[in-house]
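Let me give you the structure first, and then I'll get to my questions.
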Amino acid sequence: MAGLLAQFREYPVATTLEVGSVVVCIVLFVGTLGLLALGPPVVPGTDTGPATGTATTPWLALVGVGAAFVLFWTALVPLYERLR
């Protein structure tokens, strides 16, 4: 923990991005497991049998967070480093 604090003092933005990335990965992993435990997404208005799954909104939120995370690291960070 002391090493992390020392790294934060030296590189606050980079450390915040790295720790934030780890937190986002953990949230995505736990969210995926939680939603899978509740069942597959159920699309309203479809006749696919009894509605035993979860609504599509939590699944869409999870996919949206994951897509934003990927977009950030694969497009925005390299663009920032190139233009810096």
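Sort out which residues of the range 13-34 are polar (S, T, N, Q) and more than 22 Å from Y80 (Cα to Cα), and write them in order of number.
Scanning the range 13-34 gives a single hit, T32.
Then there's this: I need every pair where a residue in the range 6-20 that is free of Cβ contacts under 8 Å to residues at least 40 places away in the same chain has its Cβ under 6 Å from the Cβ of a residue that is surrounded by 13 or more Cβ atoms within 10 Å (Cβ to Cβ) and among the hydrophobic types (A, V, I, L, M, F, W, C), sequence separation at least 6 or different chains.
Within 6 Å, the pairs are T15/F8.
Would you mind finding the one in G20, G34 that is over 20 Å from W59 (Cα atoms) and at pLDDT 90 or above?
G20
Another one. Scanning for something in contact with a Leu (Cβ under 9 Å, 6 or more places away or on another chain) and modelled with pLDDT of 90 or more, does the range 47-62 turn up at least one residue?
yes
Can I ask one more? Just checking, which of V77, V42 is farther than 25 Å from A14 by Cα, surrounded by 10 or more Cβ atoms within 10 Å (Cβ to Cβ) and at pLDDT below 90?
V42
The values are calculated or read from the model by the stated rules, or taken from the named source; none is laboratory data. Computed from a prediction, not measured in an experiment: that's the story for all the values here. Backbone-built Cβ (ideal geometry, glycine too); neighbour counts: all protein chains shown.
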